[in-house]
């Protein structure tokens, strides 16, 4: 969603004070989306800002109402929020990106060596999809689910993605030894991807869930 005017809570106003007009617009839009999602689940609606404790680690990751988890995302022309009951998911992440190729230098910072063959195969099978950006977005979704839950960083190249080009799904696994030891799950992290519109005009959206 884009262009929604909502009344922010005082804590949200304080958090966004001094931001540019475009940043304030993004902030409002994604919180409108979040309030719609929370309201549809009967969840309480309150300010969505990071907690004071640990904010240095979680800047940009709002605190959700007790019993709920969620994620926000925005890019040019796209805003979204997703919310889940923690009885169904420990954490979730979503990401939106422009449907276009990654800049050349960025590819080496995103894709591990075992994924280069995957990208070549995907490009051959469905050349109309910017698969390098799909992988990047999928890894971003995984990170957005992983980091607020564990407060552990990982290098995007250490998150290995396997994509189902026909079914719209993906699996992600962290390379052994790449992240701190306290993992929330030993299973692969599952996700979904979708592309809307042509390159240089559409969007790629992804989601990841840690159950």
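The values are calculated or read from the model by the stated rules, or taken from the named source; none is laboratory data. Here the structure is a predicted model, which means the values were calculated and not measured. Neighbour counts are summed over all protein chains in view; Cβ atoms, including those assigned to glycine, are modelled from backbone coordinates with ideal geometry.
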Worksheet item: Can you find even one residue in the range 143-154 that is touching a helix residue (DSSP H, G or I) at 6+ places or on another chain (Cβ under 6 Å) and more than 20 Å from residue 34 (Cα to Cα)?
Response: yes
Worksheet item: Is it the case that some residue within the range 25-38 is closer than 23 Å to residue 147 by Cβ, in a loop (DSSP other than H, G, I, E, B) and modelled with pLDDT under 95?
Response: no
Worksheet item: Of everything in the range 170-194 that's in contact with a helix residue (DSSP H, G or I) (Cβ under 7 Å, 6 or more places away or on another chain) and at pLDDT 90 or above, which residue is farthest from residue 131 (Cα to Cα)?
Response: 189
Item to complete: Among what's in the range 94-116 and is in contact with a strand residue (DSSP E or B) (Cβ under 7 Å, 6 or more places away or on another chain) and over 24 Å from residue 71 (Cα atoms), pick the residue that is surrounded by the fewest Cβ atoms within 10 Å (Cβ to Cβ).
Response: 114
Discussion item. So the check is Cβ under 9 Å with 6+ separation or different chains; which pairs have a first residue in the range 180-205 that's in the same structural domain as residue 154 (by TED's automatic domain parsing) and a second one that's modelled with pLDDT under 65 and in a strand (DSSP E or B)?
Written reply: none
